[in-house]
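Notes for the one structure printed next.
The values are calculated or read from the model by the stated rules, or taken from the named source; none is laboratory data. What you are looking at is a predicted structure, and each value in this text was computed from that prediction instead of being measured. FYI the Cβ positions are ideal-geometry reconstructions off the backbone, even for glycines, and counts take in every protein chain you see. These area figures cover heavy atoms from the full protein model, side chains too; ligands, DNA and RNA do not enter into them. Shrake-Rupley method; radii C 1.70, N 1.55, O 1.52, S 1.80 Å.
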Amino acid sequence: MATKKAPERPNVSKEELLKFYREMLLIRRFEEKAGQLYGMGLIGGFCHLYIGQEAVVVGLEAATKEGDKRITSYRDHGHMLACGMDPKGVMAELTGRIGGYSKGKGGSMHMFSKERHFYGGHGIVGAQVPLGAGLAFADKYLGNDNVTFAYFGDGAANQGQVYETYNMAELWNLPVIFVIENNQYAMGTSVKRSTKSPSLWERGAAYGIKGEAVDGMDVLAVKAAAEKAVATCRAGEGPYILEMMTYRYRGHSMSDPAKYRTREEVEKMKSEKDAIEHVRDLLLQGGLASDEELKAIDKDIKAIVNEAAEFSKESPEPPVEELWTDIYA
Amino acid sequence: MDNERKLTIARAMAEATAQEMRIDPRVFVMGEDIADLGGVFGNTRGLAEEFGKERVRDTPISETGFIGAAVGAAQDGMRPVVELMFVDFFGVCFDAIYNLMAKNTYFSGGKFNVPMVLMTSTGGGYSDAGQHSQCLYGSFAHLPGMKVVSPSNAYDAKGLMTAAIRDPNPVIYMYHKGLQGMGWLGTEKGAIVHVPEEPYEVEIGKARIAREGRDVTIVSIAQGVHHGLKAARILQDQGISAEVVDLRSLVPLDRDTIRASVAKTGRLIVVDEDYHSFGVSGEIIATVTETNLADLKAPPRRIAYPDVPIPFARVMEQYCLPNADKIVAAARELCGAVIPA
């Protein structure tokens, strides 16, 4: 992750670049708004923002088809937006309202969508990884060619259950892509301080699982790697590990003063590696889009996010009777 | 009876599972040594032969991994029946159970449910010490979001298993080792009863009056029911008529049946092989005292496992376990005692 890349001319259409720009910007603006609402006291608990990591989910989603599944941890807003869930429902869940995806019972860390095959949003580090293998198992059992994306972070990569799952997934040949979002910090502990061998994807080799590290700040690189991994899994040759080298700009959660890293480090990433700026440069310097076109998109996104924020304030609080529903099916 | 078809609990569980697998392709079984070995306690015997090793799947010793995988598969519409050999082993994987299996229905606002059965053996009495002999009924029943059942006989075992597999919720199915009909664990003859061949359900959340009586109510589950029945037979010879309630389910708990029985007898003994404090026995007593205190003619009693780790030495373990003699002594005291005015 050294110097800023000179805008090249990659094999990608204007439409696709604009789509990436739009989707990544939606996540960033949504998260900025969530941060504001949190600051205003409208969002309780912890709130884990995805700012900086947008290229990971947007690039991966570009390689999916209808029926593919995704499951992740608590830094989940970006995943939900990228897979097509409604920003209003997500934001209203953050504010704990009845119009939220889980009627206010789950909050930031626990949301689900059957329509978009999003299986949560989970609050325990690493716990979603075995579930992801189970989702893939169901698809294999049913004989379809769906693929599951099981996301986890560099912190979760030191959880034992990840390796239980690796073994089962390879043993049973499951169509699951393990996506390690290596944003370099498990809360305040850097990978260097938690892990002797810093290449997390290589641990899969012990189980016979293929994998690679990917520049997770480059949405095109992410998509290319995802296509390869997806093809492998659809061909019945899964699982696969993708270690996304990425970076979160904000703290672990809203309560994190981020004293474990320097301001310079963060600023360097923002100025040299920002995923949205990268696509913006490709569009502008490649002559594929005008400043006006991008401004129009910015305006659109702002409107969508504002609408979500308004909805999240206007949607009623859940009635107390809801406390007792959905405990059992 | 000529038409009697007596089965052990182990065989009844396997029969129910096989019948559900025949009609519902989403049902599959996984766990440690459940396929080739047939289950350490016999309750999956014959399944791998009939359904193959895709549907009856031995797992690595990776409890968090495979129970978590079952939660994922269940949320995806499958019907996993999962075995974890001993309830004592849940310490390594409880997160997948109480944080995921039991909560994802609620946290999804009802969008997803988790229709799975988690079966596990409970109970001691055969000198296996404290990491292989616990019941832990209360630990599961305490946590909302899952149902908990435990049969005392083969008829209920089959009906509860059928109901559990068909239930849209996670069900913890706890079978007591001393009732499985495995020779090496000793045999409780009362557990081996007639089992109809055709599929049927025993309603989860419905207790059963195992024996009617007038003077004292003995409430228990699984092995404790047989201690209660034995005590009732002894008490009958001494002129005391004991009613025995077999809970069959802890969640939901059939509080109505407990209260109705105590309303009739005025005396309550709870027999619980789980630990004494903060558990099932206290909950059942509270069920009566919170709403029906005036029905009691004597203070309720509990015969439960003392709050100590289960010891290996036979003499020590047997001293701790509930048994018919302890129940008889308690019943005699209760029937001779009155609540001071």
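What the table below lists for this structure:
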item: FRET efficiency, B:Gln131 to A:Ser194 (Cβ-Cβ, R0 35 Å, nearest 0.05); result: 0.70
item: Compactness index (Cα Rg / 2.2 N^0.38 Å), region B:1-99; result: 1.13
item: Length-normalised contact order for chain B - Cα pairs under 8 Å, 6+ apart - percent; result: 16 percent
item: A:Ile180, A:Ile124, reordered so the largest accessible area comes first (probe 1.4 Å); result: A:Ile124, A:Ile180
item: B versus A: buried accessible surface, summed, Å² (probe 1.4 Å, to nearest 100); result: 3400 Å²
item: Selection from B:Pro311, B:Leu321, B:Thr217, by position along the positive dipole direction of region B:208-335 (Cβ); result: B:Thr217
item: FRET efficiency, B:Gln238 to B:Ala294 (Cβ-Cβ, R0 41 Å, nearest 0.05); result: 0.90
item: Signed unit charges on C-beta, dipole axis of region A:18-312, positive-most listed residue A:Ala224, A:Thr189, A:Gly204; result: A:Thr189
item: Translational diffusion coefficient (Stokes-Einstein; Kirkwood radius from C-alpha pairs) of the protein assembly as shown at 20 °C, 1.002 mPa s, in µm²/s; result: 79 µm²/s
item: Percent RCO, i.e. relative contact order, over chain A, from Cα pairs under 8 Å lying at least 6 residues apart; result: 25 percent
item: Candidates B:Val308, B:Val56, B:Val81, ranked by Gaussian network fluctuation over chain B, Cα under 10 Å, top entry; result: B:Val308
item: Kirkwood hydrodynamic radius of chain B, from inverse mean 1/r over distinct Cα pairs, in Å; result: 20.3 Å
item: Residues along region A:294-329 losing 10 Å² or more of accessible surface when the other protein chains are present rather than the chain by itself (probe 1.4 Å); result: A:Leu323, A:Asp326, A:Ile327, A:Tyr328, A:Ala329
item: Using alpha carbons only: equivalent-ellipsoid semi-axes of region A:163-286, gyration tensor based, whole Å; result: 29, 21, 10
item: Nonlocal amide H pairs with B:Val245, under 5 Å, H built at 1.01 Å; result: B:Ala210, B:Ile218, B:Val219, B:Ser220
item: Over region B:199-239, equivalent-ellipsoid semi-axes from the Cα gyration tensor in Å; result: 24, 11, 9
item: Computed helical MRE - 222 nm, the protein assembly as shown, DSSP H runs ≥ 4 contributing -39500 (n - 2.57), nearest 500; result: -12000 deg cm²/dmol
item: Accessible area per residue, Å², chain B with all protein chains present, probe 1.4 Å; result: 37 Å²
item: Amide H contacts of B:Val148 (H built 1.01 Å from N, under 5 Å, at least 5 apart or other chain); result: B:Ile172, B:Leu250, B:Val251
item: Length-normalised contact order of region B:1-104 in % [C-alpha pairs under 8 Å, at least 6 apart]; result: 27 percent
item: Rounded percent of accessible protein surface that carbon and sulfur make up, chain A, 1.4 Å probe; result: 53 percent
item: Region B:42-195: Lys pairs at Cα distance under 17 angstrom, eight or more positions apart or on different chains; result: 6
item: Cut-off of 10 Å, at most 14 other beta carbons, DSSP loop: longest stretch of chain B lacking such GluC sites (Glu not before Pro); result: B:5-196
item: For B:Phe86, distant residues with modelled amide H under 5 Å away; result: B:Ser121
item: Alpha carbon centroid spacing (whole Å) that separates region B:1-66 from region B:174-242; result: 24 Å
item: Debye, to nearest 20: dipole size of chain A, +1 on Lys, Arg Cβ, -1 on Asp, Glu Cβ; result: 600 debye
item: Virtual spin-label span in nm between B:Asp256 and B:Asn3, 7 Å along Cα→Cβ; result: 3.0 nm
item: Solvent-accessible area per residue for chain A (1.4 angstrom probe, square angstrom); result: 40 Å²
item: Gaussian network model of chain A, springs between alpha carbon atoms under 10 Å - residue of A:Ala62, A:Ala156, A:Ala289 with greatest fluctuation; result: A:Ala289
item: Relative frequency of Cα-Cα separations exceeding 34 Å in chain A, percent; result: 21 percent
item: Shielded by partner chains, region B:90-112 residues - at least 30 Å² of accessible area, 1.4 Å probe, vs chain alone; result: B:Asp95, B:Leu100, B:Asn104, B:Thr105, B:Tyr106, B:Phe107, B:Gly109, B:Lys111, B:Phe112
item: Whole-number D in µm² s⁻¹ for region A:49-106, Kirkwood Cα-pair radius fed into Stokes-Einstein, 25 °C, 0.890 mPa s; result: 203 µm²/s
item: Carbon/sulfur fraction of accessible area - region B:208-335, other protein chains in place, 1.4 Å, %; result: 53 percent
item: Surface share of carbon and sulfur [accessible, 1.4 angstrom probe, percent] for region B:2-194; result: 51 percent
item: Top of A:Arg29, A:Arg263, A:Arg70 by mean-square fluctuation, Gaussian network on chain A, Cα under 10 Å; result: A:Arg263
